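All of the numbers you see were taken from the coordinates with simple rules; none came from a lab. Since we're looking at a predicted model, the values are computed, not measured. Every residue, glycine among them, receives a Cβ derived from its backbone with ideal geometry; neighbour counts consider all protein chains shown.
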């Protein structure tokens, strides 16, 4: 359940460090194990559930050296690696439907919440600053309270 690599604009070498060995895409909501392998939070959760159903130890799917219980959000376990991950350049997953947005992977969740993007949701006017925004010159969200 990762981020489709066809949407990446960054060098493949840069992004490859954050590929999920389970789904083979760029890790979405990346987590890392003690062995430093990175996976999608969803993928590793599903893998652990399957191992538990089979009464097997949930070891790293890549090297079998770490217990998956050590999984931690990449942003907390390795902030520097997460900053590199967040700088991977991408385009909107719905670029084929007409969204021209491109930017840092770290900005993608915010972009997807803006109404002009086909992925967008309606945001109350009180949360919008109409001065600027990353999706084709649209509004940006100021707060979410």
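Structure values in brief
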{"item": "Computed lengthening from residue 100 to residue 54, 0.36 nm per intervening residue step minus Cα-Cα distance", "result": "12.1 nm"}
{"item": "Relative intensity, log₁₀ I(q)/I(0), of segment 10-68 from a Debye sum that treats every alpha carbon as a point, q = 0.16, 0.29, 0.30 Å⁻¹", "result": "-0.46, -1.23, -1.28"}
{"item": "Protection proxy ranking of 50-63, 20-33 - average other beta-carbon atoms within 10 Å, highest first", "result": "20-33, 50-63"}
{"item": "Inter-probe distance in nm under a simple model that places probes 7 Å from Cα toward Cβ, at residue 5 and residue 76", "result": "3.0 nm"}
{"item": "Modelled FRET efficiency - R0 22 Å, residue 16 with residue 69, Cβ distances, 0.05 increments", "result": "0.25"}
{"item": "Centroid-to-centroid separation of segment 41-99 and segment 1-38 [C-alpha atoms, Å]", "result": "8 Å"}
{"item": "Likely footprinting exposure, 13, 37, 95, fewest C-beta neighbours within 10 Å first", "result": "13, 95, 37"}
